[in-house]
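Below: the structure, in structure tokens.
FYI, it's all coordinate maths here, none of it is from the lab. Because the structure is predicted, anything quoted here is derived from the model rather than measured. Positions of Cβ are backbone-derived with ideal geometry, glycine not excepted, and every protein chain shown enters the neighbour counts.
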Amino acid sequence: MNSSAETPVEARRRDHELICELVDENAKVLDLGCGDGSLLQRLKDEKKAQGTGVEVSQDQVYKCIRRGLTVFHGDVDEGLADFPDKSFDYVLLTDTLQEVHNPRLVIGEMLRVGKKAIVSFPNFGHWSVRVQLFIRGRTPISAALPYDWWETPNIHFFTVKDFYRFCGQVGFRVTRSVFVAQGTRITVWPNLLAERAICVLE
């Protein structure tokens, strides 16, 4: 990875910027796997959103609380039984889908409790991933996939095409997508050229 490549922190910040563009003013938002609450804080500051988070890490929950955010300690793989139907305008899952055990359950729950779901994920079909696998014969490492194979939290390795195929098979409707590589929007051949994808589902 060269020195001009986007870092994981920069990639996450860019994801947050694009997600903020997709969320309406004053929206009621649930952020699953909210981490330290940085996205919720940004939505609160920039979009006047009413934000709630769910996070499995107790340390991250404390960070959210220190920000003054409302957050619940929980595992999204266990569902969202504590939240009633359509109680949020948006339910977010940023850079976490590849880590959950049951993507169909998680997205189904997102669409049950929210009017719209926004999902972002790294694209394992990006050309640099293909080149590293083909030339080096090793698990790829990049800004979107910054882990060695033995320490990665990722348990599902899928591409943009895989995600669209999955949505079609299980009945989730993708209404809008944004594709990004090195901080630049990608408008052609996203399965090959995009490092990350952000999809809106209804």
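Please compute the contact order of the chain in relative form: average sequence separation of alpha-carbon pairs under 8 Å and at least six residues apart, divided by the residue count, as a percent. Spell out each step's value before the answer.
Values: 365 pairs, mean separation 38.8, N = 202.
Normalised by residue count, the contact order of the chain is 19 percent.
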Once the other residues with Cβ under 13 Å from the Cβ of N123 are scored (Lys, Arg +1; Asp, Glu -1), what is the net sum? -1
Using the charge dipole of the stretch 8-201 (Lys, Arg: +1 at Cβ; Asp, Glu: -1 at Cβ; taken about the Cα centre), state which of V178, T96, L133 has its Cα farthest towards the positive end. V178
Compare the peptides 27-36, 76-85 by average per-residue count of other Cβ atoms within 10 angstrom and give them in order, highest first. 27-36, 76-85
Compute the angle between helix 8-22 and the longest alpha-carbon principal axis of the chain, please, reported from 0 to 90 degrees and rounded to the nearest 10. 50 degrees
Ordered by number, the trypsin sites (Lys or Arg not before Pro) in the stretch 116-202 that occupy a DSSP loop and have at most 12 other Cβ atoms within 10 Å are R138, R173
Pairs of Lys in the chain closer than 29 Å at Cα, counting only those 8 or more apart or on different chains: 27
Report, to the nearest 10°, how far helix 103-113 tilts away from the longest principal axis of the Cα atoms in the chain, using its own Cα long axis and a range of 0 to 90°. 30 degrees
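Out of every Cα-Cα pair in the stretch 83-202, what percent are more than 25 Å apart?
Working: 1752 of 7140 pairs.
Tail fraction, whole percent: 25.
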Given a 10 angstrom Cα cut-off, can you work out which residue in T187, T94, T52 is the most mobile in a GNM of the chain? T187
Working from Cα positions, state the angle (0 to 90°, nearest 10) between the long axis of helix 38-47 and the longest principal axis of the chain. 60 degrees
Taking 0.36 nm per residue of separation between D162 and Q182 and subtracting their Cα-Cα distance, the length gained on full extension comes to 5.0 nm
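If neighbour count is taken as other Cβ atoms inside 10 Å, put L133, L111 in order from fewest to most. Provide the component values of the computation, followed by the final result.
On the way: L133 13, L111 19.
Ordered by Cβ neighbours within 10 Å, fewest first: L133, L111.
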Can you tell me the FRET efficiency between Q50 and R136 if r is taken as the Cβ-Cβ distance and R0 is 41 Å, rounded to the nearest 0.05? 0.30
